[in-house]
Amino acid sequence: MEVLKDRYSITELSECLKVTDHTLRYYEKEFNMTVPKDKRGRRYYTPELANIMYKIKSMRDEGLEIKAIKKILESENAISPPPVVEQNGIIPAAAVVPDSSPTEISKFFQELSEQLTNNISLELETTREQVVNEINKTKLELGACFENNVRKLESKLDKHFDNVDRSIGMWRERNKSGFFKRITKKVFKWQ
């Protein structure tokens, strides 16, 4: 593949290779590739990584299986084999950092630090977004519940006051004629 840029986004590289973004992520995982991320946590591919992806795609197009491609790329030192994990879950230091100069080891730990920082920042941002979404959802649900309860209370109050008005009206009707009768009885008794 002819490298035209010093950095490719996942979308740019997938368009160049005519594969999906998902395919590139799958290759990263299967071939144990560490793809750097920018400050915003987005993948970018160096020319070396872009060439490895091109080789993988070419060999897949030729019909080679993933295991065979791994062996070929490991033999060319294009990718490193996955680290050996001991039974207690610890990766031996020799598997993580091969015999290297102090500057290479320092560079390795610097890159590891940047990756951890990017991954943690990305996870924190994702978690923050999820929490904000849940809070907004809960706020809307509480608002709807409050409005529903207010409507129910208003309806009950309307019914109650209608009953009170009806009762008062009936009492007035009963006692209206009774009042005049009582007055007339009292007036005629005195005579």
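The helices (runs of 4 or more DSSP H) falling completely within the stretch 1-71 that include 1 or more residues that are among the β-branched types (Val, Ile, Thr) and within 29 Å of residue 124 (Cβ to Cβ) map to 10-17, 21-30. Here the stretch 72-83 is the region considered, the condition is being part of a loop (DSSP other than H, G, I, E, B) and either acidic (Asp, Glu) or exposed (fewer than 10 other Cβ atoms within 10 Å of the Cβ) (or both), and the residue that is modelled with the highest pLDDT is 76.
The values are calculated or read from the model by the stated rules, or taken from the named source; none is laboratory data. Treat the numbers as computed from the prediction; the structure is a model and nothing was measured. As a convention, Cβ positions derive from the backbone with ideal geometry for all residues, glycine included, and neighbour counts pool all protein chains shown.
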